[in-house]
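Values in this text are rule-based calculations from the coordinates and carry no lab data. Predicted, not measured: the structure shown is a model, and the values here were computed from it. Don't worry about glycine lacking a Cβ; one is built from the backbone with ideal geometry, like all the others, and counts go over all protein chains shown.
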Amino acid sequence: MVKKIIIFIVLFFLVIFSVRAQDKSDLEKQISEYQTKLQQLKQQKNTLSSQIEYMDTQIYLTALQINQTEQQIISTGKEIDLLGSRIEGLDQSLDYLSKQLIQRIVIGYKKKPLSLFSLLLDNKNAYDFINQVKYLKTAQNNTQKLLYTVQETKTNAEEQKKLREEKKIELDKLNETLTYQKRSLDNQKVQKQKLLNDTQNDETTYQRLLSQAQAQLAGFKSFVSTAGAGVISANQFGSGSDGAYYSQRDERWASKTIGYSSENILNVGCLLTSVAMIAKHNGDNVDPGNIASDPSRFYGNTAYMSLPWKGVAGKSYYGGINIDQELANGNYVIVGVGSCGSGGSHFVVLTKKDGEDYIMNDPIYGPDLKFSSHYSNICSNGTFK
């Protein structure tokens with residue numbers, strides 16, 4: 001009985017896995033084809049049409065992966081149900097066989113053996129004794145076989161229970177994967193629509209904004225590299241005299257990516273960190289990580305902050321202002337410094353006038369520093385009011 005159950009389970013899984021393998025093969029083939037296509041699209045010239053094609057391919061690929069995960073969830077659920085049924089059957093068999101074993105042990109214990117003295121005095125008893133010895137030998141062999149079957153059934157039941165627990169863990173991970181994939185698909189669709197909106201679906205606009213983004217971000221990276229600015233511990237420079245200082249190097253957000261891009265705050269986050277400082281100064285409890293998490297602040301899928309900069313703390317962006325006047329009015333001013341090709345290769349926050357100089361909060365070097373101690377030129381400026 002037990003062996004038949006085991007054979008049936010093995011055959012069932014062979015059939016299930018063969019069907020799954022066939023379905024899995026077709027889906028995996030499509031996924032592989034689209035992964036290859038994505039790699040090929042990366043090699044194409046960066047145009048709006050190629051970028052949209054790349055996004056469409058990525059969206060379709062993610063949809064295929066979602067389909068694959070959903071199939072795996074259904075299949076794994078069925079396997080768990082099947083294992084449950086088989087475990088129940090094995091438990092019932094084990095219960096039955098255990099009772100049979102106990103009964104045989106009890107019968108063997110109650111059976112009174114013939115004595116050697118009786119054997120010598122009575123030929124009939126001798127004949128009965130020989131038959132009883134044969135019976136007991138057969139019964140003993142059957143009991144041993146039953147004991148082996150009970151142990152084998154118990155082992156199989158334990159293995160099936162262990163496999164079921166493993167399948168449950170696998171199912172939980174598949175559900176987590178599915179949630180992540182669906183979230184990714186939603187983000188990919190939003191990214192595509194955002195790119196179309198930012199460029200107005202116009203190739204010239206796309207190329208102009210892309211060129212500006214590449215130039216500015218290259219300047220940021222060069223500045224950080226030249227400054228030798230690495231990651232620092234949380235709040236290592238303190239919060240400044242105004243309590244609103246942030247460093248782009250802070251370990252709490254230095255490695256965080258910006259918008260839909262793959263760039264991080266440490267390498268290209270001076271401007272967004274400056275915006276976070278002004279927001280904090282004006283009572284908006286945000287940090288650079290919060291600013292970086294808002295894709296609407298950046299162009300397309302880059303880390304280039306769109307102009308006009310999105311407002312903070314209920315205030316709007318104004319560019320090309322009179323720096324001294326704004327500082328006198330209590331408004332912090334963000335200025336671009338260094339190479340002026342893209343408005344500056346680095347951005348800092350001017351907090352007040354200091355004679356012929358300024359006091360600044362620098363995302364790289366720290367708070368409450370004299371502007372002239374590090375910089376000699378201003379490329380651009382902007383404020384929120």
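Stretching Ser239 away from Tyr60 to a fully extended chain increases their span by 59.8 nm, per 0.36 nm per residue minus the current alpha-carbon distance. Note on region 281-370: with charges restricted to the Cβ of Lys and Arg (+1) and Asp and Glu (-1), its dipole about the Cα centre is near 260 debye. Remark: for residue pairs Lys194/Lys221; Lys189/Lys310; Lys280/Lys385; Lys42/Lys221, the C-alpha separation exceeds 19 Å in Lys194/Lys221; Lys189/Lys310; Lys42/Lys221.
Note that region 239-247 has calculated 3J(HN,Hα) couplings of 9, x, 5, 9, x, 10, 7, 9, 10 Hz, one per residue in order, obtained from phi through the Karplus relation 6.51 cos²θ - 1.76 cosθ + 1.60 (θ = phi - 60°); glycine and proline are x. Highest-first packing order for the peptide set 236-242, 377-383 is 377-383, 236-242, based on the mean count of other beta carbon atoms within 10 Å. Dividing the convex hull volume of the alpha-carbon atoms in region 205-384 by its residue count gives 105 Å³ per residue. Under a 5 Å amide H cut-off, with hydrogens placed 1.01 Å from N, Val286 pairs with Lys280 among residues at least 5 apart or on other chains.
Each residue of region 45-58 was assigned a 3J(HN,Hα) from its phi angle through the Karplus expression (A = 6.51, B = -1.76, C = 1.60, θ = phi - 60°), giving 4, 6, 10, 4, 5, 5, 5, 5, 4, 4, 5, 4, 5, 5 Hz with x at Gly and Pro.
If you take the beta carbon distance between Val190 and Ile232 as r and set R0 to 30 Å, what does 1/(1 + (r/R0)^6) give as a FRET efficiency, to the nearest 0.05? My answer for the efficiency is 0.35.
Provide the gained length on full extension for the span Asn290 to Glu176, in nm with one decimal, where the gain is 0.36 nm per separating residue minus the Cα-Cα distance. Extra length available between Asn290 and Glu176 comes to 38.6 nm.
Protection proxy ranking of 59-65, 38-44, by the mean of other Cβ atoms within 10 Å over each peptide's residues and highest first, is 59-65, 38-44. Hey, which of these cross-link pairs are over 28 Å Cα-Cα: Lys162/Lys182; Lys192/Lys256; Lys78/Lys162? Checking Cα-Cα distances, Lys162/Lys182 exceed 28 Å. Around the amide H of Thr351, modelled in the peptide plane, lie the amide H atoms of Ile359, Met360, Asn361, all under 5 Å away and 5 or more residues distant in sequence or on another chain. The 3J(HN,Hα) values that the Karplus relation (6.51, -1.76, 1.60; θ = phi - 60°) gives for region 216-225 are, in residue order, 5, 5, 5, x, 4, 5, 5, 5, 4, 5 Hz. Gly and Pro appear as x.
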